[in-house]
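Peer 1: Have a look at this one.
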Amino acid sequence: MKKYLLALFASALLTCSSVFAGDEISQGQTLYLPIYSHIWHGDRIGNDKAPAKTLVSALVSIRNTSLKTPIRISSARYYSTDGRLLKEYLPKAAVVNAMGTLELFVERKETEGGSGANFVIQWDATTATNPPLIEGVHADIRGGSHALLFITTARTIQAEK
């Protein structure tokens, strides 16, 4: 089972990283990252019953892909399934050095986000540079008998004024 999970995880990483292969350099962007505080699975039993629900934690990894230029993360807002702002994870801007990583963590016990939670992350730099790679690594690992891991990847969105 461990070999299968490692192969699945490696495959997901390769798939996610290839999405950004052609990105243009930029001085800043607004990015949307899907996050799940739980996932639904299995079958519905009865007419009005929901399928099983598994809570997961999420590690938000913001990786500066520039070899030379630091970037500034000005905002990391966490929203619920219904679009309600739950938390600003960065009360003040954070600098991520060249080739550095900023990590944010959503605990497994956080259930307010729901299956449609998301982050909106804003970054900028003093000069045009490679955009960061932003992923959500979701996990529910319980000993050797149960492990659930999956990754979501941020997408550029237009900042509305």
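Values quoted throughout were computed directly from the atomic coordinates according to the rules given, and no laboratory measurement underlies them. Keep in mind the model is a prediction, meaning the values are calculated, not measured. Cβ: placed from backbone, ideal geometry, glycine included. Neighbour counts: every protein chain shown.
Peer 1: With springs only between Cα atoms under 10 Å, which of Gly46, Gly83, Gly100 fluctuates most in a Gaussian network model of the chain?
Peer 2: So, out of Gly46, Gly83, Gly100, the one fluctuating most is Gly46.
Peer 1: Further, regarding this structure: Over the stretch 14-161, what is the mean sequence separation of C-alpha contacts under 8 Å (at least six apart), divided by residue count, expressed as relative contact order in percent? List each step's numbers first, then the result.
Peer 2: Numbers: 366 pairs, mean separation 54.7, N = 148.
RCO, the stretch 14-161: 37 percent.
Peer 1: May I ask you to evaluate 6.51 cos²θ - 1.76 cosθ + 1.60, the Karplus curve with θ = phi - 60°, for each residue of the stretch 92-105 and list the ³J(HN,Hα) values in order in whole Hz, giving x for glycine and proline?
Peer 2: Result, ordered by residue: 9, 4, 10, 8, 10, 4, 3, 6, x, 9, 10, 10, 10, 10 Hz.
Peer 1: Could you point to the label whose value was computed as semi-axes √(5λ) of the Cα gyration tensor in Å for the structure here, given (1) 30, 19, 13; (2) 32, 16, 14; (3) 65, 18, 12?
Peer 2: Read-out from the structure maps to (1).
Peer 1: Could you work out how far apart the two model spin labels at Tyr32 and Thr126 are, taking each label as a point 7 Å from the Cα in the direction of the beta carbon, and quote it in nm?
Peer 2: Label at Tyr32, label at Thr126, 3.3 nm between them.
Peer 1: Which FRET efficiency value, to the nearest 0.05, is calculated for Lys161 and Asp82 with the Förster distance at 22 angstrom and r the Cβ-Cβ distance?
Peer 2: On the way: r = 24 Å, r/R0 = 1.07.
Given R0 = 22 Å and the Cβ-Cβ separation, E is 0.40.
Peer 1: Here is a further query. Using only alpha carbon pairs under 8 Å that are at least six residues apart, calculate the relative contact order of the stretch 89-160 and give it in whole percent.
Peer 2: 18 percent
Peer 1: OK, next. Run the helix sum for the chain: -39,500 (n - 2.57) per DSSP H stretch of 4+ residues, divided by residue count, reported at 222 nm to the nearest 500 deg cm²/dmol.
Peer 2: Working: 1 runs with 17 residues, N = 161.
Using -39500 (n - 2.57) per qualifying helix, the result is -3500 deg cm²/dmol.
Peer 1: Hey, rough spin-label estimate for His146 and Ser115, points 7 angstrom out along Cα→Cβ, what's it come to in nanometres?
Peer 2: About 1.8 nm separates the two model spin labels.
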